[in-house]
């Protein structure tokens with residue numbers, strides 16, 4: 001009996017180990033390669049450790065070689081992405097929370113239909129809204145500007161954030177809202193003073209989800225911006241594809257890691273809350 | 001202190017009528033209990049009084065002012081909810097003074113009211129805690145404190161004790177009663193627990209299916225139920241209903257149970273002129289049945305009791321008393337007795353019923369006659 005248990009345990013850890021190995025390998029290769037010199041890459045093996053830790057390629061990926069106009073490096077685009085991601089993140093999360101609150105605690109005629117439409121919005125693929133969005137941005141005169149991309153990400157993300165907050169607030173007792181109404185608090189007072197302070201778990205979920213979506217977006221970025229207004233992921237693509245005759249694998253790898261780093265950091269810092277928030281409704285009941 | 005008047009109140013959710021013409025008149029200092037089974041509309045009525053739900057028709061008057069179009073906060077009421085509905089992110093203190101802060105009351109006044117209420121409810125040492133750190137009874141106290149601190153015209157309670165365990169419930173019930181005695185504020189209290197209703201209310205409104213069946217003092221509700229529903233709902237075990245027919249001769253009434261011979265007729269007097277009626281329900285409460293003639297003679301007024309032949313069928317011992325199920329001419333009746341008396345099961349015997357405490361209902365209209 002005990003033996004059988006032991007065997008299945010060993011088998012379980014073996015399978016888990018294989019998966020861990022499978023997922024961690026690309027990251028390992030990226031890090032190792034980014035620390036090597038070009039000579040080492042050409043001569044050596046993909047998995048071998050670098051002879052010496054060398055951050056030269058990271059420096060080049062971040063701030064370039066100083067070789068004039070054709071030189072593409074990440075620094076300015078990194079800030080482009082921040083300029084887009086932070087406002088879009090804040091606006092879409094805030095509006096989503098407000099929507100979720102209104103849809104659950106201030107039920108009005110057609111509230112369910114409107115929620116259904118938001119839900120429907122989450123199923124619309126990126127590609128389907130490219131053309132109408134391009135026309136809209138053109139009409140508003142904000143194509144190829146951070147404002148355009150902020151608008152696109154806010155609108156596209158609103159369905160998701162509304163869904164998150166609506167499902168979270170539905171589990172919070174309506175009697176609390178009634179009590180606040182009797183106490184004389186209005187729509188916004190109840191939202192800011194009573195509901196928002198208990199929304200941390202779902203706030204974290206929405207922030208992580210939205211930040212990841214916006215930061216990692218390539219399609220909207222490449223469609224609605226060009227040149228020096230492009231976000232980081234577009235710049236990364238340009239950098240890797242348009243380098244001159246020689247391919248600098250170490251620089252490419254360093255740049256890719258840099259582009260992925262912010263989302264990685266957010267997951268590490270708030271991942272625990274992310275899991276809690278996703279399961280909050282089911283636990284609270 | 002305030003009066004509360006409700007005129008022809010109706011409430012519809014789409015097609016379903018939840019309240020069908022409610023009329024109530026609550027005097028200053030009354031403790032009105034809305035009692036009824038779940039789904040009878042009692043909570044909806046309370047929410048409508050509070051202004052948390054809108055009525056479809058009719059008027060609500062507090063101190064003779066129509067409040068239908070006022071926000072809950074403008075009606076000068078306080079509400080204690082079943083789930084307590086404390087604000088989870090705020091401390092006990094912040095919970096209690098939240099309503100006062102909304103009303104822009106001066107800080108000194110708030111502090112004064114807070115310490116008074118905290119002392120009254122013995123929650124002074126809890127003031128800095130969060131609701132999650134409190135026990136059920138403590139949360140209940142805080143919820144009461146939040147209502148009391150505002151010194152409203154009317155208190156509304158929505159089954160405030162139903163989440164507490166049995167012992168605590170009785171304790172809190174007594175405290176609410178004390179509170180009402182001291183404050184003399186008008187209160188409206190919703191419950192489905194008849195003991196709570198009886199012990200707390202100065203007036204009880206029994207609700208069924210969106211209508212008020214009877215609106216009266218607890219004593220009258222218990223002793224003179226106006227309909228079969230009320231008689232059946234109040235009392236545990238509930239009233240026995242013996243099917244039969246009535247013949248009336250002036251104020252002398254004869255009741256003949258179904259399947260009975262002439263010898264089984266029960267004669268009694270009634271204040272009202274009654275008409276002959278071939279189908280009535282003769283109601284007698286289990287505690288108004290006696291096992292011994294001497295006992296019946298001692299307890300009933302003017303020795304006004306009747307003898308009936310029954311067979312004891314079932315015996316339920318519940319500590320201080322026992323409930324015996326009798327078979328009476330093929331109908332089942334329950335009697336409640338002190339457990340000190342021995343009763344032989346499956347024995348034919350004579351029991352005595354108190355004729356001063358009977359209720360007669362028309363079987364078709366279900367109304368008291």
> In the stretch B:180-195, which residues are out of contact with any strand residue (DSSP E or B) (no Cβ under 9 Å at 6 or more places or on another chain) and in a helix (DSSP H, G or I)?
Replying inline: B:181, B:182, B:195
>> Restricting to the stretch A:134-175, give me the number of residues that are surrounded by fewer than 21 Cβ atoms within 10 Å (Cβ to Cβ) and within 14 Å of chain B (Cβ to nearest Cβ).
In response: 5
> In the stretch B:196-227, what count of residues is obtained for those that are in contact (Cβ under 8 Å) with a residue 12 or more places away in the chain and either over 17 Å from residue B:41 (Cβ atoms) or part of a helix (DSSP H, G or I) (or both)?
Replying inline: 17
>> Show me the helices (runs of 4 or more DSSP H) found entirely inside the stretch A:1-65 where at least 2 residues are over 23 Å from residue A:238 (Cβ atoms).
In response: A:2-35, A:38-43
>> Quick test of your reading of the structure: residue B:60 fulfils all but one of (1) in contact with a helix residue (DSSP H, G or I) (Cβ under 9 Å, 6 or more places away or on another chain); (2) more than 14 Å from chain A (Cβ to nearest Cβ); (3) in contact (Cβ under 8 Å) with a residue 60 or more places away in the chain; (4) surrounded by 23 or more Cβ atoms within 10 Å (Cβ to Cβ). Name the failing condition by number.
In response: (3)
>> Show me the helices (runs of 4 or more DSSP H) entirely contained within the stretch A:179-266 in which 2 or more residues are within 14 Å of another protein chain (Cβ to nearest Cβ).
In response: A:200-216
> Out of the stretch B:311-337, which residues are within 25 Å of the chain's Cα centre (by Cα) and either in a loop (DSSP other than H, G, I, E, B) or modelled with pLDDT under 90 (or both)?
Replying inline: B:318, B:319, B:320
> Going through the stretch B:130-165 one residue at a time, which ones are assigned to a loop (DSSP other than H, G, I, E, B), without any contact (Cβ under 8 Å) to a residue 60 or more places away in the chain and within 11 Å of chain A (Cβ to nearest Cβ)?
Replying inline: B:130, B:149
>> Just to be sure before I move on: is residue A:124 in the same structural domain as residue A:190 (by TED's automatic domain parsing), surrounded by fewer than 16 Cβ atoms within 10 Å (Cβ to Cβ) and either closer than 22 Å to residue A:192 by Cβ or touching a helix residue (DSSP H, G or I) at 6+ places or on another chain (Cβ under 7 Å) (or both) in the structure I sent?
In response: no
>> I need the full set of residues from the stretch B:228-255 which are surrounded by fewer than 19 Cβ atoms within 10 Å (Cβ to Cβ) and assigned to a strand (DSSP E or B), in order please.
In response: B:243, B:245, B:247, B:248, B:249, B:252, B:254
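The values are calculated or read from the model by the stated rules, or taken from the named source; none is laboratory data. Nothing here was measured: the structure is a model prediction, and the numbers come from that model. A quick note on method: Cβ atoms are made from the backbone with ideal geometry, for glycine too, and the neighbour counts reach across all protein chains shown.
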